[in-house]
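> Let me begin by handing over the structure; questions about it come next.
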Amino acid sequence: MFYSVFAIEVALTYDAQSQVRSELRRLISEHSHLTSYAQKAWFYSVATDLLLREAPFFERGCWDYFDNESALDKYNEWCGGLLKEEGVRSTPSLPEGRGPYRASGESRYMTFTMAFLLVRGSNSDRNLAARCNIPPSNLWRRDVFTHLLQGIRLFNFASIRSDVVYMIPNQDDYGLTPEDMQSEKFNYLRVLV
């Protein structure tokens with residue numbers, strides 16, 4: 001069987017008033033056992049809706065679509081992000097109880113990643129391939145990321161062979177700092193306009 005892979009990651013700012021990090025965390029932790037096609041469709045629809053609500057705060061991002069022999073390897077690379085701790089802070093970025101902003105008002109960031117291994121040539125794959133046909137000059141725009149995220153709602157999960165979702169941080173106190181986002185380990189995330 002031949003596969004395609006689609007993966008998308010966004011980095012966004014969040015503050016004490018925003019519940020997006022805790023809502024996404026709760027969604028992942030409470031529904032990781034969902035296995036039916038309908039349950040998967042519901043899960044990704046809710047995750048997508050939460051992200052789209054925060055689209056104005058997308059600062060960086062990355063997405064991939066491959067429909068060639070390297071698709072399975074690319075999918076495994078995206079899944080590897082779940083197992084690596086290279087993006088995770090080893091110490092809190094804030095003193096306990098201070099929330100995602102320091103007294104100086106410095107922002108904190110989170111990343112959210114979804115990756116899908118699709119049956120190549122399926123309706124989901126063809127619809128996604130058309131959606132991913134973006135002119136190179138527009139690849140790193142917020143509206144393109146919202147366009148791509150909206151495409152996840154159209155998936156028929158019978159044609160998704162595997163999927164993965166993960167986010168950083170797990171706890172507010174470990175929110176990524178502007179310095180973290182400038183580090184080499186996050187240089188694959190492009191600044192969005």
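> Please determine, by comparing only the residues of the range 65-97 that are small (G, A, S) and not in a helix (DSSP H, G or I), which one is modelled with the lowest pLDDT.
G97
> Return the pairs, sorted by first residue and then second, in which the second residue is assigned to a helix (DSSP H, G or I) and aliphatic (A, V, I, L, M), the first residue lies in the range 133-156 and is farther than 14 Å from W42 by Cα and without any contact (Cβ under 8 Å) to a residue 24 or more places away in the chain, the beta carbons are less than 6 Å apart, and the residues are 6+ apart or on different chains.
So the pair list comes out as I134/V144; N138/V144.
> Looking at (1) surrounded by fewer than 20 Cβ atoms within 10 Å (Cβ to Cβ); (2) at pLDDT below 95; (3) assigned to a loop (DSSP other than H, G, I, E, B); (4) in contact with a helix residue (DSSP H, G or I) (Cβ under 6 Å, 6 or more places away or on another chain), which is the one condition that is false for P100?
(1)
> Restricting attention to the range 1-49, which residues are among the aromatic types (F, W, Y) and touching a residue at least 12 places away in the same chain (Cβ under 8 Å)? Don't jump to the end; show me each part of the working.
So the first thing to find is which residues in the range 1-49 are among the aromatic types (F, W, Y), and the list is 2-3, 6, 14, 37, 42-44.
The answer is F2, Y3, F6, Y14, Y37, F43, Y44.
> Would you point out which residue out of F6, F43 is surrounded by fewer than 21 Cβ atoms within 10 Å (Cβ to Cβ) and of a type outside the set (K, R)?
F43
The values are calculated or read from the model by the stated rules, or taken from the named source; none is laboratory data. Everything numeric in this text was worked out from a predicted model, so none of it was measured. Cβ: placed from backbone, ideal geometry, glycine included. Neighbour counts: every protein chain shown.
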